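Take a look at the structure below.
The values are calculated or read from the model by the stated rules, or taken from the named source; none is laboratory data. Values in this document were obtained by computation on a predicted structure and should not be read as measured data. Please note: Cβ atoms are built from the backbone with ideal geometry, for glycine as well, and neighbour counts cover all protein chains shown. Side chains are part of the model used for accessible areas, which takes the heavy atoms of the whole protein and leaves out ligands, DNA and RNA. Shrake-Rupley method; radii C 1.70, N 1.55, O 1.52, S 1.80 Å.
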Amino acid sequence: MMADTGSEEVAVIGNTDLTPGEIENNMKNTMGEKGTLLFRKMEINVAEAEKRTVKNAVNMQETYTVYLIETRPADAASEGTNPAPDSLWRRYSEFEILRNFLLVTYPHLVVPPLPEKRAEFVWHKLSADNMDPDFVERRRVGLENFLLRVASHPILSTDHVFFTFLTEEDGWKEMVFETGFQAKADSRLKALNATFRVKNPDKRFAEMKHYSDELQSVISQLLRVRARVADRLYGVYKVHGNYGRVFSEWSAIEKEMGDGLQSAGHHMDAYAASVDDILEEEEHYADQLKEYLFYTEALRAVCRKHELMQFELEMAAQDLSTKKQQQEELATGTVRTFSLKGMTSKLFGQETPEQREAKMKALEGQIQEDEDALKDKNTECDDFVRGAWLDIERFKDQKNHDLKEALISYAIMQISMCKKGIQVWTNAKECFNKM
């Protein structure tokens, strides 16, 4: 929707409502135009992680982790061939550069997040060290998931910089920095300024921003609860090891009851030891929740960009309105509002007709340029809104599916864990019956 260039009213950009049918058709058209998604053409794996130690610029040792990315044509298996994969190593910082590039280049898209750089929401027996092997392994899985998310996106998957990230080890950094994406990034202060000064925020984006804040809060609480439960669960399981020790000691002083007590003690020891595998599996589900915790910031980034574009549009419309008022004042010779120019005219006399004519001509040119620029900005903003809502709808479907599956799987795991506990005590009861 165009801002009215002849009025002080400023329209909210992009208030073009799309029906679900239109959104679905647009998505199909977009995917058709972009061709087959990259993940259907190429197998992508982050196969392993490796710790490396080098000397930095100040001759001090620096330890970091690199990740092996392997790619091969997806149709190789169907054709009966099994070529060796192409492979290259990437640091986590290079993944960060790639994602920052995608954020700047595609501000209207919900760019998939990276896994955490340092462990968050950990229970006390879990290491928060970013070099811990278990943490590095979970981050390897998260980085692979990030690449697959991008490769399955109808727009991001077609990006040349992303493809080069997967296939060319040397020169990639230089190539991505040559795009100048860093200079195009909006500063946080600029975005914050727009948030507080925008006069006509789009209600849909405001609601989406609020929703992302609420979703972040809910998932954070869920992860904290899960960490507390893990702490207590670990203690309960390990205490069962004391049952095992006591039963074993007791068996040593009994003749008829000894074998049964010792067998029951073995079951308790096995039960106590099983908690490590259980909580390791739980971390997998926690990481799935964390992905959507970080997705909330990606949603807010889209909303902040919209606010900034809306604010810039309002400022452009306001500037155009001011120039039109100046044009009217020059044409009529009247000043509608108090200004330094009006005071100057009263003190030193009116401008000559020639001066007024020159100013009128200059203003006409500026007004025409501003009208053209405002028209282009309106078009750009409308395109942003359409693209953003199309991708937000895609993200919603993905989120609903993924979180539903994760919660169901987590519930199944908890049920299985309880059944194992029942089985342990059932076995112990049979041991007692045989005494």
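Flag not set for Lys377, criterion: open to solvent by 50 Å² or more (accessible area, probe 1.4 Å) and either modelled with pLDDT of 90 or more or under 27 Å from Ile278 (Cβ atoms) (or both). Candidates Glu256, Glu291: the one that is within 28 Å of the chain's Cα centre (by Cα) and among the charged types (D, E, K, R) is Glu291.
Kindly indicate whether Gln288 is part of a helix (DSSP H, G or I), open to solvent by 50 Å² or more (accessible area, probe 1.4 Å) and under 16 Å from Gln216 (Cα atoms). Considered against the rule, which asks whether it is part of a helix (DSSP H, G or I), open to solvent by 50 Å² or more (accessible area, probe 1.4 Å) and under 16 Å from Gln216 (Cα atoms), Gln288 comes out as yes.
Being of a type in the set (D, E, K, R), in contact (Cβ under 8 Å) with a residue 12 or more places away in the chain, assigned to a loop (DSSP other than H, G, I, E, B) and open to solvent by 50 Å² or more (accessible area, probe 1.4 Å) is the requirement here; does Glu281 meet it? No; evaluated as a whole, the condition is false for this residue. Contact map, region 221-239: first residue assigned to a helix (DSSP H, G or I), second residue open to solvent by 70 Å² or more (accessible area, probe 1.4 Å), Cβ cut-off under 6 Å, separation 6 or more or different chains; pairs are Asp231/His124; Tyr234/Lys125.
Checked against the criterion of being acidic (Asp, Glu), under 19 Å from the mean Cα position of the chain (by Cα) and in a loop (DSSP other than H, G, I, E, B), region 201-210 contains not a single residue that satisfies it.
Asp170 is checked against (1) farther than 30 Å from Arg226 by Cα; (2) modelled with pLDDT of 95 or more and fails just one. What number does that condition carry? Of everything listed in (1) farther than 30 Å from Arg226 by Cα; (2) modelled with pLDDT of 95 or more, Asp170 misses just condition (2).
From the list Val302, Val225, the one residue that fits, being β-branched (Val, Ile, Thr), more than 30 Å from Leu147 (Cβ to Cβ) and out of contact with any Leu (no Cβ under 6 Å at 6 or more places or on another chain), is Val225. Test Tyr295 against the stated conditions and say whether it is touching a helix residue (DSSP H, G or I) at 6+ places or on another chain (Cβ under 9 Å), in contact (Cβ under 8 Å) with a residue 24 or more places away in the chain and open to solvent by less than 50 Å² (accessible area, probe 1.4 Å). Judged against the criteria, Tyr295 is a match. Within region 154-168, residues that are part of a helix (DSSP H, G or I) sit with their Cβ atoms under 7 Å from residues that are of a type in the set (Lys, Arg), at 6+ positions apart or across chains, in these pairs: Thr158/Lys34. Taking Glu430, is it in contact (Cβ under 8 Å) with a residue 40 or more places away in the chain and of a type outside the set (S, T, N, Q)? Judged against the criteria, Glu430 is not a match. Looking only at residues that are small (Gly, Ala, Ser) and touching a helix residue (DSSP H, G or I) at 6+ places or on another chain (Cβ under 8 Å) in region 200-222, which one is surrounded by the most Cβ atoms within 10 Å (Cβ to Cβ)? Among them, the one singled out is Ser212.
Starting from region 247-271, take each residue that is within 17 Å of Val424 (Cα to Cα) and open to solvent by less than 60 Å² (accessible area, probe 1.4 Å) and list its partners that are assigned to a loop (DSSP other than H, G, I, E, B) and among the aliphatic types (A, V, I, L, M), counting only C-beta distances under 8 angstrom and pairs at least six apart or across chains. Close Cβ pairs (under 8 Å, with a partner that is assigned to a loop (DSSP other than H, G, I, E, B) and among the aliphatic types (A, V, I, L, M)) amount to Gly260/Met435; Leu261/Met435. The set of residues from region 386-412 being among the small types (Gly, Ala, Ser) and buried (at least 18 other Cβ atoms within 10 Å of the Cβ) comprises Gly387, Ala388, Ala406.
Restricting region 113-143 to residues that are crowded, with 18+ Cβ neighbours inside 10 Å, charged (D, E, K, R) and outside any loop (DSSP other than H, G, I, E, B), which is modelled with the lowest pLDDT? In this case the residue turns out to be Arg138.
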